[in-house]
Each structure stands twice: as structure tokens, then as C-alpha cells.
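Have a look at the structure below before the remarks.
The values are calculated or read from the model by the stated rules, or taken from the named source; none is laboratory data. Remember, predicted model here, so these are calculated numbers, not experimental data. Cβ: placed from backbone, ideal geometry, glycine included. Neighbour counts: every protein chain shown. To get the accessible areas, we keep the full protein, side chains included, count just its heavy atoms, and leave off ligands, DNA and RNA. Shrake-Rupley method; radii C 1.70, N 1.55, O 1.52, S 1.80 Å.
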Amino acid sequence: MKQSQFETRHQPQWQRFEQLLGRLERGKARADECRQFPQDYRRLCQHLALARERGYSSYLVDPLEQLALRGHQQFYRHRSQAGAQLLGFVLAGFPQLVRQQWRFVLASSLLFFGSLLSIALLIQFYPDLVYSVVDTAQVEQMQNMYDPASSRLGRSAERAASEDWMMFGYYIMHNIGIAFQTFAGGLLFGLGSGFFLLFNGLAIGAIAGHLTQIGYGQTFWSFVIGHGAFELTAIALAGAAGLQMGWALLAPGRLPRSEALRLAARQGVRMIGGVTLFLLIAAFIEAYWSSMTAPSPGLKYLVGAALWLLVAAYLIGAGRQRHAPV
């Protein structure tokens, strides 16, 4: 077939395809046009291949190549951008955000980890103090769960026969609930976030201090040290996001409070995205590693220390710009 005949036969299809591309690029294409687009794109690629094979002039081939390139970009744009953005956030965006908000991260960490360590230390000297923070029934439940004679650590008796994947789901729902509660508390001018940070810090610290004081420390610490790196850090970061919202309400600067809150909430939601990733990792470790009794406590401490170092290195170093030497 001569080039002129080929061009005359298919020119209307190419024009329609170019018009559709324009609407897609402007985001104004209809749903039925989007469904038709893959078929039109494949037809254009077939025409381009025929034009190359038959040695048609660049006057025809070059415009078809441009249309094919634009079609390729539209065909793969959404999937590629979404995947690239998610990967970029995990590898760089999240740790960069944590470093940008270091003041709130520091304040949240002092409230959470400070209360946790303080009450755990005090209980070593005043054992009955645990009952001022945690009720008697919960203390007994924790003792049963972390009894060195337990066959599965970190589980109550009624859950001992549950499957690991069910526990994985339970841990996710429980931990994300705590994180969201801590974050959303920031809407009360930061007071809610501060309260939940202190409350959870005191509760966790009281249990940790009590179990250590009665001689269950090895079973407890070998259980929590692995997933705690991600779980406890996630709670502190959720609190930082909540404190940031509270500060935006208290000190909006030159912005209206509504606008300051909107900007802070946008950053906070991004922070919660990273927090959710941490909690997923923590739940997986807790369900499939922490509750195992086969590994020795020494091995668990070693793995746990490595995970804490990994979290610290990720948040401190990931996403930093590396400048080439001059």
C-alpha cells in the first residue's frame, strides 16, 4: 500500500486519537473514552509498526511516534506515578518529614518515653505504685501472659490457640486505634495528644516495671524488644503529628486558625501514613516473631537491638541529600 493511501485511510483515526490524548492530558476525558483508550492506543502502535516496516517517510513516521509516546505516557502515568510516589515517601519523604518536625517529635518523645521510663523505674522502689496506674485484673492478666512457664508469650490464655494471622490483624487494629486516638487528640489544642501520650506511657511503663520487679523481666523484654522499635516509635510520631495540629491552633502566626490547622493537618496525615507503615511492620513482627519461645532470649535481644538501630538510622539518615565532592 502506498504511503498516501495508508495516510488517507487512517488519518481520521489518528486525529481522533490526538484529540482524546489532549482531553486525557487536561483531565477532561469521559469514562467511556478512558475505557476505549487502550484499544485506540494499540491500534496506533500497530500503524506505527507498519509505517516503519514499509519504509514510509519521516513526515508520516515522526508524528506517529510522537502520538505513540504521548499515548504511552498516559497509559502508564497513573500506575507509575502512584508507585513512584509511594516508594519515594517510604525511602525519603517520611524520614524527611520526621526531621522537619523534630521539635514536635522531641516533645512527644519526652512525654511518652519519659513517662514510660520514669514510672518503670519508680515501681522498682515502690512496687504497689503499679496499682495506682493499672487495675488489679489487668495486672494479673499481664502476669499470666508473661509467665516464664507460658508456652506462647504475649498472649492471654483464651487467645493461646489463635492463628498467627488472626493475631496479626488484632495487633494492627489495636495499635492503629491508639495511634489515631493520639493524633486526633491534637484537635483539642494539643491537650488530647499530650494526655494520650502520658496515659499510654504510664500504662506501658507500669506494666514493664511491675513484670521486671517480680522476676518476669526476661520473658517480657525479650518479647517486646523486637516489635517495640516500630510500635513505640509510631506512637510517639502520632503524638508529634497531634501536637503539631494543637500548636497550629494555639499559635497560627499570621494565618487564620482554620488555614494554619489545614496546613498542619495535611502534614499530620502524611506523618500518620508513615506511622501506619511502622505499625504494620510491628504487628507482623509481634505475631510471627515476638511470641515464639524457640529463639533464645539472647537472640531476641540481638535482633531487637538491630531493629532499634535500623529505625534510628532510617529516621535520621534516610532521604538526606548527598552532595558530590567539589
Inset, instruction - Please calculate how many Å² of accessible area segment 39-134 carries per residue, with a 1.4 Å probe and no DNA, RNA or ligand atoms counted. - result: 62 Å²
Inset, instruction - For C45, tell me the accessible area in Å² from a 1.4 Å probe, rounded to the nearest 10. - result: 50 Å²
Inset, instruction - Compute the separation of the alpha-carbon centres of segment 1-39 and segment 248-318 and state it in Å as a whole number. - result: 47 Å
Legend entry - Surface accessible to a 1.4 Å probe, R266 within the full protein complex, Å²: 130 Å²
Legend entry - Q73/F189 FRET efficiency (R0 45 Å; Cβ-Cβ; nearest 0.05): 0.45
Inset, instruction - With a 1.4 Å probe and every protein chain left in place, tell me how much accessible area D128 has, in Å² to the nearest 10. - result: 120 Å²
Legend entry - Sequence of F220, F75, F195, F104 when ordered by accessible area, the most exposed leading, probe 1.4 angstrom: F195, F75, F104, F220
Inset, instruction - Would you mind putting 17-24, 290-297 in packing order, based on average other-beta-carbon counts within 10 Å, highest first? - result: 17-24, 290-297
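Using C-alpha positions alone, give me the convex hull volume of segment 4-131 per residue in cubic angstrom. Don't skip to the answer; put the middle values down first.
Values: hull volume 25.7 nm³, N = 128.
Convex hull of Cα atoms, per residue: 201 Å³.
By accessible area of protein heavy atoms, probe 1.4 Å, what ranking do I214, I178 get, highest first? Write out the running numbers ahead of the final one.
Working: I214 65, I178 30 Å².
If we order I214, I178 from most to least accessible, we get I214, I178.
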Legend entry - Segment M292-S4, extension gain: residue separation times 0.36 nm, minus the distance between their alpha carbons: 96.3 nm
Inset, instruction - Subtract the Cα-Cα distance of A305 and F199 from 0.36 nm times their separation in residues, and report this length gain in nm to one decimal. - result: 35.6 nm
Legend entry - Where labels lie 7 Å past Cα in the beta-carbon direction, separation of D135 and R262 in nm: 4.4 nm
Inset, instruction - Please list W14, W102 in order of solvent-accessible area, largest first, computed with a 1.4 Å probe with all protein chains present. - result: W102, W14
Inset, instruction - Return the tail of the calculated pair distribution for segment 189-262, meaning the percent of Cα-Cα pairs more than 16 Å apart. - result: 60 percent
